[in-house]
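Step one of this worksheet: look at the structure below.
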Amino acid sequence: MLRLPIFSYLQPKTLQDALAMKRDAGPDGMFVAGGTDLYPNMKRRHQEPKTVISLMGIPELGRLDGRIVGPCVTLSQLSDSPTVRQSHPAIATAARLVSTPLLRNMGTLGGNLCLDTRCNYYNQSYEWRKSIDFCMKKDGHICWVAAVSSSDVAPVMVAIGAEYRLVGRQGERVVPAGRFYHNDGINYLTKQTDEILVDVRLPAANGWDAVYHKLRRRGSFDFPVLGVAAWVQWNGNTVSDARIVLGGVASYPQEIPEAAAALKGAPLSDDSMAAAAEAAYRPSKPMDNTDFDLSWRKQMTRVYVKRALDELRARH
Ligand SMILES: Cc1cc2nc3c(=O)[nH]c(=O)nc-3n(C[C@H](O)[C@H](O)[C@H](O)COP(=O)(O)OP(=O)(O)OC[C@H]3O[C@@H](n4cnc5c(N)ncnc54)[C@H](O)[C@@H]3O)c2cc1C
C-alpha cells in the first residue's frame, strides 16, 4: 500500500489567510482542493509538500453563480447544474466525462484546470521510478517521453475563450484560458506557485455553440487519450469564427488554428468538416506515454474532430 508522507494540513477560511499561509510555508507549501490528484501524487512522491493548504473552506471559491464559477465547485456540481447544462453544455459534458462519480464528487473545477501533466514513466510508485533512474519531471535527468495534459475540462475552457482570475502576493490578474497553459510537461502552467485560481469567467452564450468529445479505453473511468473541444460562432448558417482544441496529445490543450480556418466563412458542410478534420490530424502528435497505440490515437483525431463538428451541425 502506498502511504502519504507526513505533512501539516491547514484550513483557511479566507483568501487572505490562504495566501498568508502559503507565504509562511514557502516552496514547501501547496494548495489542495478535492485532493484527487494531489494526494495520489504525494503517495508516489511526485509532490512532497510539508504543508498542505485546503481551499475548500473559503466560501467565495465555491460559488456557482451565472457566468462566474468558483474553482472549488465540484465536477458533480458542475455537470449536474441545470444552469451550466443549459448555458454552457460543453462544460457540463466534459465534467461528466471525468473518471467516476466518486472522483467527480471530490474533484473540483480548479483542480481539473491545474491538473498535473501525466506520463507512463512518471505516474508510477517511487520504487518503480527509481528502477528506471527516475525522469526529468521528478528526481531524475532523463525525459523518457514528455508528459501530457490530461484534463477534460481545460480544452473546453480554451475553446470557448473562458478567462481565469488569479490572486497572489503580487495582486490580481485575469488570463485567457489559452494563455494559462505551457507546452511543457514540467512547467505546464503560467500560474505562479503562490497564485490561487479564484474564479473562472465564462463568456456569455451569444450565438456560439461548443461540444466536447473524449476518447478513452473504458467509458466509465479512464483519463482521455484524446479530447476534442470544438467551438463555432454562428452568423445565421455561416460559421463566422471557430476554435478546435485537442487534449491528450501535447503537454497543453493544443489549439489548431488550421482546423478553425477550414471552417470559417461558410456553412458546416461535409467538405469543410473533412478539411478541418484533416487539418487537425496533421499537427496532432500524440506521445507514446499513455494508453493505446500512438499511431491509432493520431488517426482518431480525424474521426473525433469530424464527430464533434457533426454534433454541432446537427443541433444548429
Ligand atoms: C483514478 C483517477 C481517474 C481520473 N480520471 C480523470 C479524467 O478522466 N479526466 C480528468 O480530467 N481528470 C481525471 N482525474 C484527475 C482528477 O481527479 C481531476 O482532474 C480532478 O478534477 C482534480 O481536482 P481536485 O480538486 O481533486 O484537485 P487537487 O488534487 O486538489 O489539486 C490538483 C492540483 O491543482 C492545484 N489546485 C487545485 N485548486 C487550485 C486553485 N483553486 N488554485 C490554484 N491551484 C489549485 C493543486 O495545488 C494541485 O496541484 C482522475 C484522477 C484519478 C485518481
| If you check ASN123 against the conditions, is it free of Cβ contacts under 8 Å to residues at least 60 places away in the same chain, within 14 Å of the ligand (Cβ to nearest atom) and not hydroxyl-bearing (Ser, Thr, Tyr)? | no
| remark: Among VAL145, VAL167, the single one that is more than 14 Å from the ligand (Cβ to nearest atom), in contact (Cβ under 8 Å) with a residue 60 or more places away in the chain and open to solvent by 10 Å² or more (accessible area, probe 1.4 Å) is VAL145
| note | Apart from one, (1) without any contact (Cβ under 8 Å) to a residue 60 or more places away in the chain; (2) over 19 Å from GLN299 (Cα atoms) all hold for ALA259; the odd one out is (2)
| request: Report, by residue number, each residue of region 144-180 that is under 12 Å from the mean Cα position of the chain (by Cα) and part of a loop (DSSP other than H, G, I, E, B). | output: SER149, SER150, SER151, ASP152, PHE180
| note | The one condition ARG243 fails out of (1) closer than 21 Å to ASN120 by Cα; (2) under 20 Å from the mean Cα position of the chain (by Cα); (3) charged (D, E, K, R) is (1)
| said: Checking the structure you have, find out if any residue of region 4-25 is within 13 Å of the ligand (Cβ to nearest atom) and closer than 25 Å to VAL225 by Cβ. | reply: no
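Within region 27-52, restricting attention to residues that are open to solvent by less than 20 Å² (accessible area, probe 1.4 Å) and more than 9 Å from the ligand (Cβ to nearest atom), which residue is farthest from LEU10 (Cα to Cα)? Before you say what the answer is, go through the steps one by one.
Restricting attention to region 27-52, the residues satisfying the condition of being open to solvent by less than 20 Å² (accessible area, probe 1.4 Å) are 29, 32, 34-35, 38, 41-42, 46, 49, 52.
Now narrow it down to the ones that are more than 9 Å from the ligand (Cβ to nearest atom): 29, 42, 46.
Details: GLY29: 10, MET42: 16, HIS46: 20 Å.
Across region 27-52, the extreme among qualifying residues is HIS46.
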| query | Regarding LYS130, is this residue more than 14 Å from the ligand (Cβ to nearest atom) and not polar (S, T, N, Q)? | reply | yes
| query | If the Cβ limit is 8 Å and pairs must be 6+ apart or interchain, which residue in region 276-297 that is surrounded by 15 or more Cβ atoms within 10 Å (Cβ to Cβ) pairs with which residue that is assigned to a helix (DSSP H, G or I) and at pLDDT below 90? | reply | PRO286/LEU294; MET287/LEU294
| request: Name, by its number, the condition in (1) more than 8 Å from the ligand (Cβ to nearest atom); (2) within 17 Å of the chain's Cα centre (by Cα); (3) open to solvent by 50 Å² or more (accessible area, probe 1.4 Å) that does not hold for LEU103. | output: (1)
| Failed item, numbered, when GLY248 is tested on (1) of a type outside the set (Ser, Thr, Tyr); (2) open to solvent by less than 40 Å² (accessible area, probe 1.4 Å); (3) in contact with a helix residue (DSSP H, G or I) (Cβ under 6 Å, 6 or more places away or on another chain) | (3)
| request: Report, ordered by the first and then the second residue, all pairs with beta carbons closer than 6 Å, sequence separation of six or more or different chains, a first member in region 9-20 that is open to solvent by less than 60 Å² (accessible area, probe 1.4 Å), and a second member that is of a type outside the set (A, V, I, L, M). | output: ALA18/PRO12
| What residue, among those in region 53-75 that are β-branched (Val, Ile, Thr) and in contact with an Asp or Glu (Cβ under 7 Å, 6 or more places away or on another chain), is farthest from the ligand (Cβ to nearest atom)? | ILE68
| request: List the number of the failed condition for LEU78; all other conditions in (1) within 22 Å of GLN11 (Cβ to Cβ); (2) touching a strand residue (DSSP E or B) at 6+ places or on another chain (Cβ under 9 Å); (3) within 12 Å of the ligand (Cβ to nearest atom) hold. | output: (1)
| said: For region 265-278, check the following and say yes or no: at least one residue is under 20 Å from the mean Cα position of the chain (by Cα), away from the ligand (no atom under 16 Å from the Cβ) and not in a loop (DSSP other than H, G, I, E, B). | reply: no
| Has region 129-143 got any residue that is in contact with a Ser or Thr (Cβ under 9 Å, 6 or more places away or on another chain) and in a loop (DSSP other than H, G, I, E, B)? | yes
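Within region 184-217, track down each residue that is within 27 Å of ARG297 (Cα to Cα), of a type outside the set (D, E, K, R) and modelled with pLDDT of 95 or more.
Listed by number, the residues that qualify are LEU189, ALA210, VAL211, TYR212, HIS213, LEU215.
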| note | Per the filter on region 59-85, residues part of a helix (DSSP H, G or I), open to solvent by less than 20 Å² (accessible area, probe 1.4 Å) and without any contact (Cβ under 8 Å) to a residue 24 or more places away in the chain are VAL84
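The values are calculated or read from the model by the stated rules, or taken from the named source; none is laboratory data. Computed from a predicted model, the values in this text were never measured in an experiment. Positions of Cβ are backbone-derived with ideal geometry, glycine not excepted, and every protein chain shown enters the neighbour counts. What goes into the accessible areas is simple: the full protein's heavy atoms, side chains included, and nothing from ligands, DNA or RNA. Shrake-Rupley method; radii C 1.70, N 1.55, O 1.52, S 1.80 Å.
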